[in-house]
Amino acid sequence: MQEKSITATLCEFASQVRIEDLPSAVAERAALLVTDSSGIAIRARKEAESTPALLAAVARMGMDNGTASVFADEKGYAFPAAALINGSLIHSLDFDDTHIAATVHPTAPVLAAALAAGQMAGADGANVLAGVIAGYEVMCRLGRALKPADHYDRGFHPTATTGAFGAAVAAGRTLGLSPEQLAMAMGICLSQSAGSMQFLVNSAWTKRFQVGNAAMAGVIAASLASEGFVGAADAVEGDAGFLKSYAPDPDPSLAVKGLGDYWETLEIGVKPYPSCRFSHAAIDGIVDIVGTGASESQIADIAIGLPRKGMDLTALPQDYRRKPKGVVGGQFSMHFTAAVSAQTGNLTWDDYARYLEDPTTLSLAERIEVSEDPQMNAIYPERMGGKVMIQFRDGTSQSRCVEIPRGEPANFPAADLHQSKFLSLAEPVLGDGALKLHERLIALAHAESIDTLFG
């Protein structure tokens, strides 16, 4: 008997995901991740600077007249447009969850696609959550198999590229596609998977768009496959398939290793700070040292050590990163985020408006040096660590080495902290309704309809 292909194995697995058959910890973690990302989307709908242009373009294309829902928005949209918008919103604050070993933000493309497909099919919460989990498992496994540093080195944005496949699986599982139909959806996604790190050059909004686009691509692929449209075979492992085309030395076996026994969903962590995840370990170290904050005048200089890929994404060239332009530039500046956290003992979404043009913060950023650290290289990508040393003007210094940043599965926030993050994002938009929505999201697996998530 011929051995099943990797694509077929993944699709058979995904089609069989049922909430009632999963370990309870997997379903519970997925509900927490869905809730976390929903709060981000709600705030981004009202405050992300890229949202007005995105919505105006959707309207101009005639996709703002439908029955699919967007967070914190009373208008109905076409199903692909809702996936595009929700996926973009979840990723717009750079506050969304991370799977470090795959170096992806899974929920943005996966949840947005599952919600659109769920409304398309009139699915209940259990089926939508099952679609989300199936999408997580496929997306994160593909990220591992690519070897994320190699994929980054080719200029790709892994959340967008692997996200298209995760979204196709999430939408397809929610729609109830067969394994064969899911394989066709993956083959269609092979023609849609895209995402470039070029956004770093000018702090472009394409980072947000390409993740929303991955969600939309997944909905389109699943819809085409459901109607019998033929996609490319062996989309994952083929000679011109995803892994061989998008990375120089992929390990396809990682895409199916431990499938069904080892749950990548449980390896997804949440962010306590709205910035690139590579900056978080150093921020944790700074917060541990300064507590509620230190005056800029008290600090002589700060030295930070990161893995090489963290340097590429948040620290080089250093003169440019010390003077970030726009919110995206700030989110990908180790120097700026370190300067804010040193002064405040935290980093919040509102800090970008407060400090991006602040002379005191920028002065401190000039005294921050970031270097590649061999110890942090050695533990990446399984861990995304960082070192920090603060030299104070009184002659004292303190240092920290953080291998597991806050929010990771081994350092996951307690329920009250998780809820606090959601409410801090959603209450300014929804008011008293935020707490009730939090309760509905946590209980998604028991919802008869997902329409109540958008009320």
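The values are calculated or read from the model by the stated rules, or taken from the named source; none is laboratory data. Bear in mind that the values here come from a model prediction, so they are computed numbers and not experimental data. Virtual Cβ from ideal backbone geometry, glycine too; neighbours counted across all protein chains shown. Areas reflect the complete protein model, heavy atoms only, side chains present, ligands, DNA and RNA absent. Shrake-Rupley method; radii C 1.70, N 1.55, O 1.52, S 1.80 Å.
To the nearest 10 Å², what's Tyr273's accessible area with a 1.4 Å probe? Counting only protein heavy atoms, Tyr273 exposes about 10 Å² to solvent. Taking only the alpha carbons of the range 282-395, we obtain Rg and Dmax values of 13.1, 38 Å in that order.
The spacing between the range 25-50 and the range 239-308, judged by their C-alpha centroids, is 19 Å.
Against the compact-protein benchmark of 2.2 N^0.38 Å, the Cα-based radius of gyration of the range 1-93 scales to 1.43.
Each semi-axis of the equivalent ellipsoid for the chain is √(5λ) with λ an eigenvalue of the Cα gyration tensor; in descending order they amount to 35, 24, 19 Å. Here the alpha carbons of the range 150-270 define both size measures, Rg and Dmax, at 14.6, 43 Å.
Relative to the current alpha-carbon distance between Glu369 and Cys401, full extension at 0.36 nm per residue lengthens the span by 9.9 nm. Within the accessible surface of the chain, defined with a 1.4 Å probe on protein heavy atoms only, the carbon and sulfur portion equals 52 percent. Over 5 Å intervals from 0, what percent of Cα-Cα pairs in the range 370-455 sits in each interval? P(r) over the range 370-455, rounded to whole percents: 3, 11, 14, 12, 12, 11, 11, 10, 9, 5, 2, 1, 0. Restricted to Cα atoms, the range 103-218 shows a radius of gyration and a Dmax of 13.6, 43 angstrom. Identify the trypsin sites (Lys or Arg not before Pro) of the range 323-380 meeting these criteria: DSSP loop state and at most 13 other C-beta atoms within 10 Å of the C-beta. Hits after loop and neighbour filter: Lys325.
Phi angles across the range 126-142 convert, under the Karplus curve 6.51 cos²θ - 1.76 cosθ + 1.60 with θ = phi - 60°, into 3J(HN,Hα) values of 4, 5, 5, 5, 4, x, 4, 5, 4, x, 4, 4, 6, 4, 5, 5, 5 Hz, Gly and Pro given as x.
Add -39500 (n - 2.57) for each DSSP H run of 4 or more in the chain, then divide by its residues: what number comes out at 222 nm, to the nearest 500 deg cm²/dmol?
Helix contribution divided over all residues of the chain: -16000 deg cm²/dmol.
Surface listing: Glu448, Glu237 arranged by accessible area from highest to lowest gives Glu448, Glu237, probe 1.4 Å. For the chain, the Cβ-based charge dipole about the Cα centre amounts to some 660 debye (Lys, Arg positive; Asp, Glu negative; other atoms uncharged). In the range 324-376, the convex hull through the Cα atoms has an average projected area of 4.0 nm², a quarter of its surface area. Surface exposure of the range 9-142, expressed per residue as accessible area with a 1.4 Å probe, stands at 26 Å².
Pairwise Cα distances in the range 17-58 exceed 16 Å for 55 percent of all pairs. To the nearest ten degrees, helix 51-60 and the longest principal axis of the Cα atoms of the chain are 30 degrees apart. Kirkwood hydrodynamic radius (Cα pairs, Å) of the range 274-314? Averaging 1/r across every pair of different Cα atoms and inverting gives 11.5 Å. Once both labels are positioned 7 Å from their Cα atoms along Cα-to-Cβ, the gap between Asp288 and Ser24 label points is 3.3 nm.
What separates the Cα centres of the range 361-375 and the range 89-148 is a distance of 33 Å. Straightening the chain between Ala233 and Asp261 buys 7.5 nm, computed as 0.36 nm per residue apart minus the Cα-Cα spacing.
Of the cross-linked pairs Lys309/Lys387; Lys46/Lys323; Lys147/Lys207, those separated by over 24 Å at the C-alpha level are Lys46/Lys323. Protection proxy ranking for 334-346, 395-407, using the average of other Cβ atoms within 10 Å per residue and placing the highest first: 334-346, 395-407.
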